[in-house]
1. For region 22-36, check the following and say yes or no: at least one residue is at pLDDT 90 or above, of a type in the set (A, V, I, L, M) and either surrounded by fewer than 19 Cβ atoms within 10 Å (Cβ to Cβ) or touching a strand residue (DSSP E or B) at 6+ places or on another chain (Cβ under 9 Å) (or both).
2. Pairs under 8 Å by beta carbon, first residue without any contact (Cβ under 8 Å) to a residue 40 or more places away in the chain in region 73-88, partner in a helix (DSSP H, G or I) and open to solvent by 60 Å² or more (accessible area, probe 1.4 Å), six or more apart or different chains?
3. Quick check on SER91: is it open to solvent by 30 Å² or more (accessible area, probe 1.4 Å), hydroxyl-bearing (Ser, Thr, Tyr) and under 13 Å from VAL43 (Cα atoms)?
4. Could you list all residues from region 162-219 that are in a helix (DSSP H, G or I) and open to solvent by 80 Å² or more (accessible area, probe 1.4 Å)?
5. Quick check on this structure: which one of SER130, SER116 is open to solvent by 10 Å² or more (accessible area, probe 1.4 Å) and small (Gly, Ala, Ser)?
6. Among the listed residues ASN318, ASN277, ASN244, which satisfies the condition of being modelled with pLDDT under 95 and farther than 23 Å from ALA189 by Cβ?
7. Among the candidates LYS119, LYS134, which residue alone is closer than 29 Å to LYS286 by Cβ, of a type in the set (Lys, Arg) and touching a Pro at 6+ places or on another chain (Cβ under 9 Å)?
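The values are calculated or read from the model by the stated rules, or taken from the named source; none is laboratory data. Since we're looking at a predicted model, the values are computed, not measured. We place every Cβ from the backbone using ideal geometry, glycine too, and count neighbours over all the protein chains shown. To get the accessible areas, we keep the full protein, side chains included, count just its heavy atoms, and leave off ligands, DNA and RNA. Shrake-Rupley method; radii C 1.70, N 1.55, O 1.52, S 1.80 Å.
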Amino acid sequence: MLRSAFRRVVSKTAFKNSLTTLRPGFFVRGYASAQDISTLLLVERNGNSIAPSTLNSLTAATKLGGEVTALVAGEEPDNVASEISKVTGISKVLVAKHKLYEHGLAEVYAPLLVTSQKKFNFTHLVAPHSAFGKNIMPRVAALLDVAQISDIIDIESPDVFIRPIYAGNAISKVKSKDPTKVITVRGTAFPPSNVAGNNAAIEVAPDADKPSMTEWISEDLQKGDRPELGSATRVVSGGRALKNRENFDKLIYGLADVLGAAVGGSRAAVDSGYCDNALQVGQTGKIVAPELYLAVGISGAIQHIAGMKDSKMIVAINTDAEAPIFQIADYGLVTDLFQAVPELTEKLKK
Ligand SMILES: Cc1cc2nc3c(=O)[nH]c(=O)nc-3n(C[C@H](O)[C@H](O)[C@H](O)COP(=O)(O)OP(=O)(O)OC[C@H]3O[C@@H](n4cnc5c(N)ncnc54)[C@H](O)[C@@H]3O)c2cc1C
């Protein structure tokens with residue numbers, strides 16, 4: 001019954017093609033060859049390991065041409081430094097060891113990046129477009145008196161970048177004439193680099209100021225066995241239609257469990273307290289591009305679509321056949337989620 005109710009929705013490509021291409025920006029200084037380019041990649045850590053978004057950013061950094069130096073900072077960063085030195089595409093690793101670098105405070109990281117840039121004349125500074133990178137890089141750009149180039153999804157040349165604007169409704173081509181480009185990279189737009197086969201040199205990063213105007217107090221992280229939303233290959237997301245947290249926990253987590261999927265939510269679900277705001281997908285939440293995105297009781301507002309439209313396969317369950325989510329869905333089920341989700345979960349279990 002479920003199977004026959006699925007219908008192919010063909011307008012996903014049309015929707016993507018309707019994205020507007022804006023006119024290019026201004027000109028800029030060029031680069032004679034790859035030797036003129038050298039990039040500093042800011043490594044994001046998950047404790048003692050490399051955050052996956054770093055490997056996607058490295059792919060973008062290598063696309064610029066020239067050498068890529070990784071910068072690892074933390075209280076005990078040696079393990080991450082050793083890990084990143086093995087990743088294909090890294091020429092050298094700079095390590096800054098200090099307890100003030102443990103928690104990604106922009107106030108202490110920014111002088112470290114600027115000092116490293118001044119010493120080695122990096123032409124490009126690259127970081128993931130994550131909370132970590134978004135926090136640090138604008139401060140770096142301000143200290144270097146250059147424009148920040150945010151959330152790039154492609155690189156045309158070392159000074160021409162492609163990035164979404166207006167919540168992904170238009171694609172902008174930006175040409176930067178700044179001598180140093182400060183860039184954040186949308187991880188879902190670049191594949192991760194290979195984690196083996198390299199042996200880059202590791203050296204101590206230049207000593208930089210460590211301003212003390214900001215102090216790290218504490219953090220409250222939810223930990224679990226579930227895949228991380230930003231890098232999961234399958235995501236089940238719930239919307240306002242779930243009605244309350246109990247339904248969200250039972251139905252969305254139940255379905256995610258059998259699929260081995262991460263859980264996401266619309267902003268309405270977050271604002272109504274059905275799920276944590278770390279799970280919000282969209283313009284003001286996380287950007288995801290899994291193999292499978294299952295949207296349950298989500299209307300498909302443009303701000304939500306901005307966060308998931310690059311998913312490889314989108315499946316939507318909604319009672320309203322006219323809901324905008326069906327315009328980008330590969331498969332749509334027009335039915336009541338309170339019947340469909342338990343049935344789907346049971347069938348998948350078998
Ligand atoms: C500046 C700004 C930023 C924003 N950022 C985000 C963001 O990052 N992420 C985000 O998600 N939103 C964001 N929003 C909010 C966004 O505009 C929408 O309000 C929100 O996405 C709606 O969430 P929803 O689809 O869960 O709820 P609704 O729009 O209320 O949709 C609920 C859907 O459930 C369907 N439904 C109802 N009952 C059932 C049932 N029993 N079975 C199946 N289907 C059912 C309905 O037909 C409807 O389509 C932002 C808004 C603004 C202004």
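1. Looking through region 22-36, none of the residues is at pLDDT 90 or above, of a type in the set (A, V, I, L, M) and either surrounded by fewer than 19 Cβ atoms within 10 Å (Cβ to Cβ) or touching a strand residue (DSSP E or B) at 6+ places or on another chain (Cβ under 9 Å) (or both).
2. What qualifies is GLU75/LYS99.
3. On the way: open to solvent by 30 Å² or more (accessible area, probe 1.4 Å): yes; hydroxyl-bearing (Ser, Thr, Tyr): yes; under 13 Å from VAL43 (Cα atoms): no.
Spelling it out, it is not the case that SER91 is open to solvent by 30 Å² or more (accessible area, probe 1.4 Å), hydroxyl-bearing (Ser, Thr, Tyr) and under 13 Å from VAL43 (Cα atoms).
4. Let us first name the residues in region 162-219 that are in a helix (DSSP H, G or I), namely 166-168, 187-189.
Within region 162-219, TYR166 is the sole residue that qualifies.
5. After applying the criteria, what remains is SER130.
6. ASN277 is the lone residue from the list that is modelled with pLDDT under 95 and farther than 23 Å from ALA189 by Cβ.
7. None of the others qualify; the one that does is LYS134.
Residue-by-condition table, conditions (1) within 19 Å of PRO324 (Cβ to Cβ); (2) in contact with a Gly (Cβ under 7 Å, 6 or more places away or on another chain); (3) among the small types (Gly, Ala, Ser); (4) not assigned by TED's automatic domain parsing to the domain that holds SER150:
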position	(1), (2), (3), (4)
SER231	no, no, yes, yes
ARG234	no, yes, no, yes
ASP257	no, no, no, yes
SER266	yes, yes, yes, yes
LYS286	no, yes, no, yes
GLU291	no, no, no, yes
